[in-house]
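Heads up, the thing below is written out as structure tokens.
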Amino acid sequence: MKRVRINAGKVGLVFKVGNYVRVITEGTHWIGFSQRVLEYNLALAFATPVALELLLKDETLAAMLDVIEVKDSELVLVYENGNFKTVLSAGRYVYWKGLIDREFTMVDLSKIYITENISKALFSKYDLSKHIRMFEVAAYENAVLLVDDVYTKTLSGGTYRFWRNDTTIKIAKVDTRQLQLEIAGQELLTKDKAAIRINFYTQYKVTDIEKALLENKDYEKQLYIAMQLVLRAYVGAYTLDELLERKDNIAEAVFNDVKTSATKLGVTVLNCGMRDVILTGDMKDIMNQVLIAQKKAQANTITRREETASTRSLLNTAKLMEENNMLYKLKEMEYVEKIADKIGEITVAGNGGIVAQLKDIFSVSK
């Protein structure tokens, strides 16, 4: 016989000629000379030296072991003393009981939703995160969830995690804030074939996400084309002069026509507006010439009106002077005063007053 001592936290398996005999725990034990002891640390996983089924026939040893069977479609999360330790994939795992308090959480990977009680802090650990699919939806977004390309539900803002398996999971997101769509430099023809460019915009919101994403493809492009067609139809119904007169009504007309088609896209049009109406090169030159001609005509009209008024005023003045000799004299003195302002020196010689002499100078000889 020989003596074997097993220290605290250890355990021994006794074998004789390769066959398992019994398990021995902490303390001093006597074994035969033909027997040997394999010592194990209770803090570590158990690596069996022989087929586990043979060892588990010993009820004493079986009661000391945790045997974890993990199937192909499963995971097991291992916690030691309340702290996450590792993730077990498909296979068989054996742990010693007693020294360390272990807990095991079974996960069914055949489903997509994470229903197990798992702390969110563990999702960032690689051992677990590699088995998870994560999708993020911003606070200002909504998304549709497609499982195997079948609509399942609508998601609001948040982080969503699903188990990674053969099931296909997709999400399509939509910005639910007020959005703006620009039609910049759109070249259009008026009723009289005048080419113009219009910068137009519309503000809208996606109000029916399922209709926008599931019933329509590229709803933004379709909204753009709908606005473009309505704008083209409106501009083509008027001549250039009529259009320029009605330009303040273009936005309202487009808004009224496009909001019905926008509803079919799951979109609500809030308002429309026009930034600019731009004339193309040749048309711009022609319009400038027309404007210059109009302004010249207006200037000529004003000039003729002023000349007519001036002539009429002179005629009235002449009639008054003809009828009133004193007024005639006053007018003569007014002109003499104006002439005197322009002359530095006046010399008077001979008979008669200065007024009479000046009158003789400026009067027309008969």
_Restricting to the stretch 8-39, count the residues that are under 18 Å from Leu54 (Cα atoms) and not in a strand (DSSP E or B)._
2
*So how many residues does the stretch 257-277 have that are in contact (Cβ under 8 Å) with a residue 40 or more places away in the chain, within 27 Å of Leu214 (Cβ to Cβ) and of a type in the set (Lys, Arg)?*
1
*Select from the stretch 303-333 the residues that are hydrophobic (A, V, I, L, M, F, W, C) and either at pLDDT below 75 or open to solvent by 90 Å² or more (accessible area, probe 1.4 Å) (or both) and list them in ascending order.*
Leu314, Leu315, Ala318, Leu320, Met321, Met326, Leu327, Leu330, Met333
_So, Leu128, is that one under 17 Å from Glu210 (Cβ atoms), touching a residue at least 12 places away in the same chain (Cβ under 8 Å) and of a type in the set (A, V, I, L, M) or not?_
no
*Do the conditions hold for Thr60, that is, is it exposed (fewer than 15 other Cβ atoms within 10 Å of the Cβ), of a type in the set (S, T, N, Q) and either touching a Gly at 6+ places or on another chain (Cβ under 9 Å) or in a strand (DSSP E or B) (or both)?*
no
*Out of (1) closer than 17 Å to Tyr95 by Cβ; (2) open to solvent by 20 Å² or more (accessible area, probe 1.4 Å), what's the single condition that is false for Val11?*
(2)
*asked:* What's the total number of residues in the stretch 18-52 that are closer than 15 Å to Tyr93 by Cβ and exposed (fewer than 11 other Cβ atoms within 10 Å of the Cβ)?
replied: 1
_Every residue in the stretch 120-170 that is outside any strand (DSSP E or B), open to solvent by 40 Å² or more (accessible area, probe 1.4 Å) and among the hydroxyl-bearing types (Ser, Thr, Tyr), please._
Ser124, Tyr126, Tyr140, Ser156, Thr168
*asked:* Need the failing condition index for Tyr204 against (1) in contact with a Phe, Trp or Tyr (Cβ under 9 Å, 6 or more places away or on another chain); (2) over 30 Å from His131 (Cα atoms); (3) among the aromatic types (Phe, Trp, Tyr), just the number.
replied: (1)
*Specify which of the listed residues (Val150, Val206) is of a type outside the set (D, E, K, R) and assigned by the TED database to the domain that holds Ser124.*
Val150
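In the stretch 77-100, what residues are touching a Leu at 6+ places or on another chain (Cβ under 9 Å) and in a strand (DSSP E or B)?
Of all residues in the stretch 77-100, those touching a Leu at 6+ places or on another chain (Cβ under 9 Å) come to 77-78, 84-90, 92, 94-100.
Of everything in the stretch 77-100, those that are touching a Leu at 6+ places or on another chain (Cβ under 9 Å) and in a strand (DSSP E or B) turn out to be Leu77, Val78, Phe84, Lys85, Thr86, Val87, Leu88, Arg92, Val94, Tyr95, Trp96.
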*Among the candidates Glu103, Glu69, Glu53, residue that is among the charged types (D, E, K, R) and more than 30 Å from Ile132 (Cβ to Cβ)*: Glu53
*asked:* Every residue in the stretch 205-222 that is in a strand (DSSP E or B) and under 24 Å from Val150 (Cα atoms), please.
replied: Val206
*When the stretch 101-116 is examined, which residues are found to be closer than 19 Å to Leu65 by Cα and part of a strand (DSSP E or B)?*
Arg102, Glu103, Phe104, Thr105, Met106
*Being assigned to a strand (DSSP E or B) and of a type in the set (Gly, Ala, Ser) is the filter here, so list the residues in the stretch 171-204 that pass it.*
Ala172, Ala184, Gly185, Ala195
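A quick yes/no check of all residues on (1) under 21 Å from Cys272 (Cβ atoms); (2) without any contact (Cβ under 8 Å) to a residue 40 or more places away in the chain:
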site	(1), (2)
Leu145	no, yes
Ile183	yes, no
Asp192	no, no
Arg197	yes, no
Glu215	no, no
Ile225	yes, yes
Ala233	yes, yes
Thr239	no, no
Phe255	yes, no
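The values are calculated or read from the model by the stated rules, or taken from the named source; none is laboratory data. From a predicted model like this one, the values you see are computed outputs, not experimental measurements. Here the Cβ is made from the backbone with ideal geometry for all residues, glycine too, and neighbour counts use every protein chain on show. SASA here: full protein model, heavy atoms, side chains in, ligands and nucleic acids out. Shrake-Rupley method; radii C 1.70, N 1.55, O 1.52, S 1.80 Å.
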